[in-house]
Each structure stands twice: as structure tokens, then as C-alpha cells.
Ligand code: NAD
């Protein structure tokens, strides 16, 4: 009997037919539920599947216990916060992700959002379309101090771009003891407090864990420099949304950009939507053709390799 694979990522296979061909050649019967994803439906049908290529939605622990056929979960991306890894390990379910592959795409977006904020690009666009033709004065992005929270694959690529803008880069990452050689002339490893107090732009690039949830609340926001810009392309919940709203509304934080939110899609009545100087994008960090193409390919190769008993790339559990 053929093996069944469920795909809940919105972007799987959007760039080329190759990933789907790999799954079909491996004998998989494929069900695509990315475009019209529904969590309730997912919870009902996943017990029938042997393999899963998962998007960003939750896979509850107790549900995993009801999936005796499931052999492999391939995360269509890097962040593993929606998958209970310990439970998967206990149940013998293999988990793979695709780290690093989307790090150029997310870094481009983070830098783009910082420039959009400091030069009011989105505000100017919206006002001009609404009939105005008035200049909006912004701030230079170049030569400022950039604070990176987390210094993994994405943050390193943001730092590389910041070098070209002549920026001074501060990085906080408690799991990195020494900076790689290439960053040393323009990047310094500092405490979180130093970033909070001295950076003109703060960009977050770390996983959502019990340790990082609500890492940035009113306490940290109030210590930030007047006029700071905050960009979160990592995960919703690391920056407290209610506190960020107040800090931007008061003008202490000059602007914020969020590619991620605690609840996705973000609720229509979330107050963050009401402020002109908050840019909100629908979790598009890795949505470049190059990144999606590479991530889909690796997920398909891993799912096929698992059932063919071959070696896997980026096996986490
Ligand atoms: P990575 O694993 O290469 O880097 C994460 C870094 O965070 C590591 O260096 C780690 O040491 C550091 N870190 C962990 N806990 C920390 C803490 N308490 N304080 C400071 N640093 C801490 O991951 P990456 O590829 O750079 O991705 C970073 C995050 O971006 C991912 O975890 C994911 O949540 C998010 N992401 C978002 C998108 C998107 O579409 N917006 C796409 C990819 C990744």
C-alpha cells in the first residue's frame, strides 16, 4: 500500500514541480492542505498519514500520540517552535527542518523593513495613494547602531548587509562565546541591556522558547532609546504585543515592523493594525523564489529518504 504524505505549508512546491516529482517518484500519495489550511481538519486527518511537511501551525503533543503511522515531520522552514520535539523523540517520529537556507531571504526582509521604517516608505506610499503629495522626513539608516538579538544564520546575514551601510553592529546571543573572524571589525558581542539602551535599530533573530517568550516587554521598551525602531521577523510572542503597541503609540518607539504575530493571521481588531508607523507583513520572511525553492526541495528529499531508508539532511530528532 502506498504511503501517504500531508503538506500543510502554504508555499511548498510553488516554485518548481521538482519537489512534488520527488514525492510521487518515492510512491507517496500526496494531500495538499496549505492554501486552505484549517487546524481542526488537520487534527482530524493527520492520524491517517505516514509523513508530514508542516507549515507554522501547532502540532499539539496529545495529537502526536494519536498518529501511530507518522514516521517523519519535515518543517518547511527553520523554526521548530510549533513541533513538540521531546514528544516526537519519545514516539520515534523523525523531525527535520531546513535551517540557514532561508537566511538570505529573511535578512533581506529585515533590512528592507528597517529602511521602510526609517524613511517612512510605507507611510509615504499609503498617503500618496490616498491623494496627498507631501514629503515625509525620515532618518538615515546608514551609519547608525544596529542591535541584533540572536546571532544565528539570519542575524549574520543582516550584519553582513549592515556592514555595507557603514553601521556599527551590536549582537546579543548568550550561546555564542566568540564572534567569527569576518564580523570582528564591525560587530561587538554585548549584553541584551546594552543593545536595549544604545541601539537605533533593534532586529530580532532568535527562536521562540520558554526562555525567549516575552523577552521584550514594557520594561525593556521603556529603556530603549527615544526614537528607536524595532523589527521582529523571528516569532510572535518574543516581543509583547500590547506593550509594543503602547510604546509605539506614545512615540517612544518611532516605528515597528512585524512579520510575525502571536496569533497568525493577526486578528482584525488587534490594536497593532491601527498604527500607521507599524508595518505588518503576513509571515513572508522566507517567501523569495530562491528560498522557497530550496526549502521545498530539501523537505521532499527528506520525506522520500525516510521511507527509502536513506540518509536525511538536517535531522533534529
Ligand atoms: P539560528 O538557529 O541560526 O539562530 C538562532 C540564534 O538565536 C542562535 O544563534 C541562538 O544561539 C540564538 N538564541 C537562542 N536563544 C537565545 C536567547 N535567549 N537570546 C539570544 N539569542 C538566542 O536560526 P535562524 O535561521 O537565524 O532563525 C532565527 C529565527 O527566525 C528562527 O528561530 C525562526 O523563529 C525565525 N524565522 C522566521 C522566518 C520568517 O518567515 N519570518 C523564517 C525563518 C526563520
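Nothing in this text is a laboratory measurement; each read-out follows from the coordinates by a stated rule. Since the model is a prediction, treat every value here as computed from it, not as a measurement. Cβ: placed from backbone, ideal geometry, glycine included. Neighbour counts: every protein chain shown.
Helix 153-164 against the longest principal axis of the chain: what's the angle in degrees, Cα atoms only, rounded to the nearest 10?
Helix 153-164 sits at roughly 30 degrees to that axis.
Under the Kirkwood approximation applied to all pairs of distinct alpha-carbon atoms, what is the hydrodynamic radius of segment 103-280 in Å?
Details: mean 1/r = 0.0611 Å⁻¹.
That comes to 16.4 Å for segment 103-280.
Please give the length that would be gained between residue 48 and residue 108 if that part of the chain were fully extended, namely 0.36 nm times their separation in residues minus their C-alpha to C-alpha distance (nm, one decimal).
Taking residue 48 through residue 108 to full extension adds about 17.7 nm, to one decimal.
Return P(r) of the chain (all Cα-Cα pairs; 10 Å bins starting at 0; whole %; ordered from short to long distances).
Going from the shortest bin to the longest, the percentages are 6, 25, 31, 22, 13, 3, 0.
By how many degrees, between 0 and 90 and to the nearest 10, does the Cα long axis of helix 289-307 differ from the longest principal axis of the chain?
Between the helix axis and the principal axis of the chain, the angle is about 30 degrees.
How many percent of the alpha carbon pairs in segment 97-194 exceed a separation of 24 Å?
Result: 32 percent of Cα pairs exceed 24 Å.
Tell me the angle of helix 103-118 to the major Cα principal axis of the chain, expressed in degrees between 0 and 90 and rounded to the nearest ten.
It is inclined by approximately 30 degrees.
Place the peptides 200-207, 34-41 in order of packing, highest mean first, counting for every residue the other Cβ atoms within 10 Å and averaging per peptide.
Per-residue Cβ counts within 10 Å, averaged per peptide and sorted highest first, yield 200-207, 34-41.
Using alpha carbon centroids, what distance separates segment 264-297 and segment 166-231, in Å?
22 Å
Once segment 1-113 is represented by equal point scatterers at the alpha-carbon sites, with solvent omitted, what log10 I(q)/I(0) does the Debye formula produce at q = 0.16 Å⁻¹?
For segment 1-113 at q = 0.16 Å⁻¹, log10 I(q)/I(0) is -0.76.
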